[in-house]
Amino acid sequence: MFEEYINASTVEGKVQQLIGFLVQKDASEIGNDFSFKAEDPERAEYFNTMIAEALTSVFNVPSEPSDVEPLNTVQDIVDRINNA
């Protein structure tokens, strides 16, 4: 599902592409401190579900939406991937 959007060479770049896709911004506008939930609080549940799916399918980090709930920034997601 995400493979056509996520093709960067680094974990950080891939996460920026993922978040850019979800919030409908160019990945170049997404820094490590970008808070995707603050960008659109109404869609927090959607973000949790979609990021959990990407973590599982793209990054091979099995995740549920509840695992993503405490994460707020790109760096939080990068850390979860790197610490898996």
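The values are calculated or read from the model by the stated rules, or taken from the named source; none is laboratory data. Bear in mind that the values here come from a model prediction, so they are computed numbers and not experimental data. Please note: Cβ atoms are built from the backbone with ideal geometry, for glycine as well, and neighbour counts cover all protein chains shown.
Observations, loosely collected:
Residues checked against (1) at pLDDT below 95; (2) under 18 Å from Asn83 (Cβ atoms); (3) touching a His at 6+ places or on another chain (Cβ under 8 Å):
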site	(1), (2), (3)
Met1	yes, no, no
Asp33	no, no, no
Asp40	yes, no, no
Asn48	no, no, no
Ala52	no, yes, no
Asn60	no, yes, no
Pro70	no, yes, no
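- Residue under evaluation Val68, criteria (1) buried (at least 19 other Cβ atoms within 10 Å of the Cβ); (2) touching a strand residue (DSSP E or B) at 6+ places or on another chain (Cβ under 7 Å), criterion not met: (2)
- As for the range 22-35, it holds at least one residue that is in contact with a strand residue (DSSP E or B) (Cβ under 7 Å, 6 or more places away or on another chain), buried (at least 18 other Cβ atoms within 10 Å of the Cβ) and not in a helix (DSSP H, G or I).
- Candidates Ile51, Ile77, filtered to the one that is in contact (Cβ under 8 Å) with a residue 60 or more places away in the chain and closer than 18 Å to Phe21 by Cα: Ile77
- Near pairs, Cβ below 8 angstrom, 6+ apart or cross-chain, from the range 60-72 (assigned to a loop (DSSP other than H, G, I, E, B) and among the charged types (D, E, K, R)) to any residue that is surrounded by 11 or more Cβ atoms within 10 Å (Cβ to Cβ) and modelled with pLDDT of 95 or more: Glu64/Ala52; Glu69/Asn48
- Residue within the range 41-58 that is touching a Leu at 6+ places or on another chain (Cβ under 8 Å) and part of a loop (DSSP other than H, G, I, E, B) present: yes
- Residue check for Ala8: part of a loop (DSSP other than H, G, I, E, B) and in contact with a helix residue (DSSP H, G or I) (Cβ under 6 Å, 6 or more places away or on another chain): yes
- The residues of the range 1-55 that are closer than 20 Å to Ser66 by Cα, of a type outside the set (A, V, I, L, M, F, W, C) and under 11 Å from the mean Cα position of the chain (by Cα), listed by number, are Ser35, Lys37, Asn48, Thr49, Glu53.
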